[in-house]
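*Asks:* My questions all concern the structure below.
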Amino acid sequence: MASALQILPCFRRMCQLSPPPRPSISFPYSSSSFSRTSQSNGRFVSGRVKAAASSSAATESDVRELKDGIAEFYDESSGIWEDIWGEHMHHGFYDPGTEVSGSDHRGAQIRMIEESLRFAGISEDGANKPKRIVDVGCGIGGSSRYLAKKYGAQCQGITLSPVQADRANALAEAQGLADKVSFRVADALNQPFPDGQFDLVWSMESGEHMPDKSKFVNELVRVAAPGGTIIIVTWCHRDLGPSEESLQPWEKDLLKRICDAYYLPDWCSTSDYVKLFQSLSFQEIKTDDWSEHVAPFWPAVIRSAMTWKGFTSLLGSGLKTIKGALVMPLMIQGYQKGVIKFSIITCRKPTQ
């Protein structure tokens, strides 16, 4: 115990310092590729991504490494997150100016779900409410179970993490929802579902992990039923100005450090998502920047890590989780400086 007490002040200091150097792996999926996105056979094809994917076995190796890293990161970290924060592995939604210490953080996570549904105009009317839902990047299934109970819907969730899938199914069984929800290990870029199966396609903070945003959107579109709604809540970088071709070097460096810890490929902007959906003549495309509504979240996560329970759990969770904890201050910095945007993008699939 004495050694842990000695380490805790060091951990506090490390959370105030710069994180490890920028990553050595660079994934060839930057937002600049989306401006050249074209449509072929009803599918989005990004010229840069297509060329990169076909020209180099190293690219495939990098993508495999990314997916393995994501799975291992959540295998390690999901247990500690659930123990401290509960079953919803995403930001909370707060009123601007909310004090961190006085917030109901778990309630704010539920509010994030409700605000997302409200923004997308999801009906609670018996005839029009969603009946079949897919949760893309489901974590331990918090959103799936909530939506299944709210709408009486059938919900299927997918994740890269076997630990998450097993825990999600166990929680569904314990909550008496095994007949309504199910979870499996699957790739969001190659979903194991037939075309047009779901009238609500839900992605709560998983889009940032996708190395090919074009293919990600394609799959969301493919599995959505005609007239179905797609909801993406995700981390983005700021939209570029009319005279800008890329982010500033210091902004890129900040995001790359976060990428290294959280197993993220290159970031994209909200407008990149809009362009992808516009290419398919999607209806009712809406976006909003909810950055001010999530501002209390990361300070609260850091405070939870600084408690004795949080710190000792962190030490036992694994190196990947510890590495992620050390860059949490950079998320706060990214929001404060306007580099990171917490975005919602919703749209409805055309009926024909």
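*Asks:* Stretched out fully, how many nm does the piece from LYS256 to ASP104 gain, at 0.36 nm a residue minus the Cα gap?
*Replies:* Length gained, LYS256 through ASP104: 51.6 nm.
*Asks:* Oh, and also: Which cross-chain or sequence-distant (5 or more) residues have an amide H under 5 Å from the amide H of SER206, H modelled 1.01 Å from N in plane?
*Replies:* Long-range HN contacts for SER206: VAL233.
*Asks:* Which of the aspartates and glutamates could a cross-linker span from LYS309 if the Cα-Cα distance has to be under 18 Å and same-chain partners fewer than 8 positions apart are dropped?
*Replies:* Qualifying aspartates and glutamates at Cα under 18 Å: GLU76, GLU82, ASP83, GLU87.
*Asks:* Compute the accessible area per residue over the stretch 217-352, keeping the other protein chains in place, probe 1.4 Å, unit Å².
*Replies:* 38 Å²
*Asks:* Also: Please report the carbon-and-sulfur percent of the accessible area for the stretch 76-194; probe 1.4 Å, protein heavy atoms only, DNA, RNA and ligands left out.
*Replies:* Using a 1.4 Å probe with all protein chains present, the stretch 76-194 comes out at 49 percent carbon and sulfur.
*Asks:* Of the listed peptides 169-175, 137-143, 85-91, what is their order by residue-averaged count of other C-beta atoms within 10 Å, with the highest listed first?
*Replies:* With the highest mean Cβ count within 10 Å placed first, the list reads 137-143, 85-91, 169-175.
*Asks:* Along the Cα→Cβ direction, 7 angstrom out, place labels at GLU65 and ILE84. What is the inter-label distance in nm?
*Replies:* Those two pseudo-labels are separated by 2.9 nm.
*Asks:* Hey, another quick one. With every protein chain kept in place and ligands, DNA and RNA left out, what is the accessible area per residue of the stretch 74-151? Probe 1.4 Å, answer in Å².
*Replies:* With the other protein chains kept in place, the stretch 74-151 gives 40 Å² per residue.
The values are calculated or read from the model by the stated rules, or taken from the named source; none is laboratory data. None of the values given here were measured: they were computed from a predicted structure. We place every Cβ from the backbone using ideal geometry, glycine too, and count neighbours over all the protein chains shown. Accessible surface areas use protein heavy atoms only, side chains included; no ligands, DNA or RNA. Shrake-Rupley method; radii C 1.70, N 1.55, O 1.52, S 1.80 Å.
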